[in-house]
1. Run the Debye formula on the Cα coordinates of the stretch 345-408, all scatterers equal and no solvent, and tell me log10 I(q)/I(0) at q = 0.24 1/Å.
2. Sticking with the crude label model, points 7 Å out along Cα→Cβ, report the distance from Arg87 to Gln107 in nm, one decimal please.
3. Do the alpha carbons of any pairs in Lys324/Lys348; Lys297/Lys388; Lys297/Lys348; Lys324/Lys390; Lys149/Lys179 sit beyond 23 Å of each other, and which pairs?
4. For Ser458 and Thr305, calculate 0.36 nm times their separation in residues minus their Cα-Cα distance, and state this gained length in nm to one decimal.
5. How do 53-63, 395-405, 453-463 rank on mean C-beta neighbours within 10 Å, highest first?
6. To the nearest 0.05, what FRET efficiency results for Ser148 and Asp362 with a Förster distance of 25 Å applied to their C-beta separation?
7. For Asn69 and Gln138, what does the FRET efficiency come to when R0 = 51 Å and r is the distance between their Cβ atoms, rounded to the nearest 0.05?
8. Counting Lys +1, Arg +1, Asp -1, Glu -1, what net charge surrounds His322 among other residues with beta carbon under 12 Å of its beta carbon?
Amino acid sequence: MLTSIRFEEYQMKKRITNEPQQPSISQFMDTCTGQYSMTHPQQKAIMNALLSDLIIGCNLPLSIVENKNFRHFLTVVDRKYSPVCRRTIISKTENLAAEKRSMLKTQLSETDHVSVTVDIWSDRRMRGFLGITVHWIQRETERMQLKSKLLAFDRFKGLHTGERICEKFEAICDEYNIKDKLDYIISDNAANMRKAFTVCFPIEQGEEHDDDDGDHLDDPELWHDLTLEDQETVGAAMAKTQRLQCFAHTLQLVVKDGLSETKVASPSLSKLSKLSSLLHTSTTFKDVFEAEFGEQKAIPAAVITRWNSRLRQVKAVLQCEHLKLCAVLEMAGHKELLFTTREWNLLKEMVDILKPFGEATDLTQGEKIVTISAVVPCVLSLNHHLEKLKPQVRFLNGLVRSLQASLNKRFLGIFISVRMARAEDGITAPFSDPVYLKAAALDPAFSLLWVEHHVLGSCDIKAEVTQKVKDLILQDAADPAKSEQPVTPGEEHQEDSEDGGLFAAYCKRQKKDVGKSPALQLSHYLDIADGQSALLFWAMKCRLFLLCFMWPPEF
């Protein structure tokens, strides 16, 4: 049987081999010369893969195409491939970039609403760069997709003043024709960024603005707020513009405030920083440490502009057994870095306090999900978390108080909106934009459950907040005049889960009958919101609801 199968295969191969084939001209030329022509499909395929997969995908330098070892590698892969020079790759890169820009312009021309994030930073060689990313929602048949594309990543030389940032930003918006489509601009809280968009969107034509103070990119003062006087001036201007503060950066400042005001934690964190530095600078100590805890074990360094790097550092050291770590430090001659039992327990308590802050930070860094809707639930849940911790903490009472005070200060607009704080005359509180309340309510993952569970007030206050949010949404509806009577939140509250995460209290509620008016549709939506993805929910339910909600942008 086997012999018969092999004979049939032999006959088939022989028949195929004997069939006359007419070679193409390019194949004939390639056979003669021994190399692919520049127009040969295989030559193009290798060159395109080299550009897209190696230089762009693997972030390799353009000069690699002229490296003799790399060129030899390519001859081993395909001896007929004709290596190209750096100039050819640069030309291909420019053509590809122009093609991508053209495609992006076409995509943006098909949408009426976009938002952008703006950031400015420096690399290790202290060269400044300005990055602008555009976000929009694209409808595809029965699906909604959140799109994010990089508009610009440009060198930014000289002083990083608000006027210069504004000038560059407007030029990029004009290039892509999106200035009239902008819903929101999200940036960090640096003074130059705040002033940039005061200039870009002035209150009145010809109004005088304070001169920028010439902030440099890596000036530590960029991580602080403006002075109180500047806050009043610039804050009033911001109230009439489209700029939103970066939630992640504001949360960074909250944690920084808390840690800086908690002196009792300083000795433990100082020892931890020195231990991390020792692991990265001493090969002798590294060998002793790995011999005890394994080669995969490490304690990362903390980065000043990323507070959650400190949390990861504390978690990493706590994964080491306390007594074993002390023995390793003593053996290596570093008794000054030994953690006492009190310091060890203090670090454990710090993780318990900061863990929900890390969860909130990670949540708002998503690129494929709507994140602005999580701002209000995050802030109120964090405040509720700190409130519950007050009678429980043993060592870090000051950290809890400082975090809560900073949270209430830096997100004051949210607390005012939910009647948990009072507004001050003449000062525009941060995060006062009603988009935060509307976004949270229109996200089926949150709906109005955050009012019931985390607005700390009486039932009357919760009912008032609930109606306020509904009114804000109905203002954007097709027929806001047909609003119904307020629906007060349920009196029965779910018990908070101890280990369920930041939003453990949010759960599905019972359905009610749907009506035709916008107010009844809104009421029906709030009843059937069951924790789905916002984009998936609205793609599936858009035909059910006639209410013309203005869904907020990606944050």
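Taken together, the values in this text are just the output of simple stated rules run on the coordinates, not laboratory data. The structure presented is a predicted model; accordingly, all values stated were derived computationally and were not measured. Please note: Cβ atoms are built from the backbone with ideal geometry, for glycine as well, and neighbour counts cover all protein chains shown.
1. -1.00
2. 3.4
3. Values: Lys324/Lys348 17 Å; Lys297/Lys388 34 Å; Lys297/Lys348 19 Å; Lys324/Lys390 32 Å; Lys149/Lys179 16 Å.
From the list (Lys324/Lys348; Lys297/Lys388; Lys297/Lys348; Lys324/Lys390; Lys149/Lys179), the Cα-Cα distance tops 23 Å for Lys297/Lys388; Lys324/Lys390.
4. Values: separation 153, 0.36 × 153 = 55.08 nm, distance 3.86 nm.
Full-extension gain reported as 51.2 nm.
5. Details: 53-63: 11.7, 395-405: 19.2, 453-463: 16.7.
Result, highest mean first: 395-405, 453-463, 53-63.
6. Values: r = 17 Å, r/R0 = 0.69.
Efficiency at R0 = 25 Å is approximately 0.90.
7. FRET efficiency, Asn69 to Gln138: 0.70.
8. Values: positive: Lys324, Arg342, Lys348; negative: Glu321, Glu343.
Overall, the nearby charge balance is +1.
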